[in-house]
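Data block below; observations after.
The values are calculated or read from the model by the stated rules, or taken from the named source; none is laboratory data. Keep in mind that what you see is a predicted model, and the values were worked out from it rather than measured. Don't worry about glycine lacking a Cβ; one is built from the backbone with ideal geometry, like all the others, and counts go over all protein chains shown.
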Amino acid sequence: MKTSQRLDSAIKKLYNAFHNNRLHPECCKQCAVGNILDNRDFWKHLSDDHGSVKLNYWGHVHQNLGRTFNGYSPLELMEIEATFLRGCGYKLPLHHKNKKPDNPTDQNVIFEGLCAVIALLCQMDGITNVMDYTALFKVENNREEKILV
């Protein structure tokens, strides 16, 4: 399967962050977008609320100028972050009164968020989800057959 440079890069960064325990939903440098953007936090100034998909003035300026950051537009970055937080079990926007997971650094919580983000990244690039394991099985004549990849 042919993937884009931005998707390859994002998946590698997220994979490394997950396996090195550097993926944290409440840290703007270690969340999904923070890792995609090389652990920088400038992206948080594109919106007024963490987890919101609504751009603020500066976000709109960058979006309207056609700027991308590691291949992703400001709107796409906001969508990626919202997806990651929702996947981790947060109610958005991120606020101390809203629902959040009991242990946000639990590997199962992080993995759920990671899977949601990878599905979204693949959708953004118009390819099938690379995490979809059901493609490994093919049903023929009411019988499951394993397909070797």
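So which pairs qualify, if the first residue must be in region 1-28 and without any contact (Cβ under 8 Å) to a residue 24 or more places away in the chain and closer than 17 Å to Phe84 by Cβ, the second must be among the charged types (D, E, K, R) and in a helix (DSSP H, G or I), the Cβ gap must be under 7 Å, and the two must be at least 6 apart or on different chains?
Cys28/Lys44
So for region 43-50 (the condition being touching a strand residue (DSSP E or B) at 6+ places or on another chain (Cβ under 8 Å), modelled with pLDDT of 95 or more and closer than 16 Å to Val117 by Cβ), does at least one residue qualify?
For region 43-50, residues touching a strand residue (DSSP E or B) at 6+ places or on another chain (Cβ under 8 Å), modelled with pLDDT of 95 or more and closer than 16 Å to Val117 by Cβ: present.
Could you run through region 50-62 and say how many residues are outside any helix (DSSP H, G or I) and either over 8 Å from Leu92 (Cβ atoms) or more than 17 Å from the chain's Cα centre (by Cα) (or both)?
So the answer is 5.
For region 63-89, give me each residue that is in contact with a helix residue (DSSP H, G or I) (Cβ under 9 Å, 6 or more places away or on another chain), of a type outside the set (Val, Ile, Thr) and in a loop (DSSP other than H, G, I, E, B).
Correct list: Arg67, Asn70, Gly71, Ser73, Gly89.
State which residue is farthest from Asp48 (Cα to Cα) when the search covers only region 60-82 and only residues that are of a type in the set (A, V, I, L, M, F, W, C) and surrounded by fewer than 18 Cβ atoms within 10 Å (Cβ to Cβ).
Checked region 60-82; the qualifying residue farthest from Asp48 (Cα to Cα) is Leu65.
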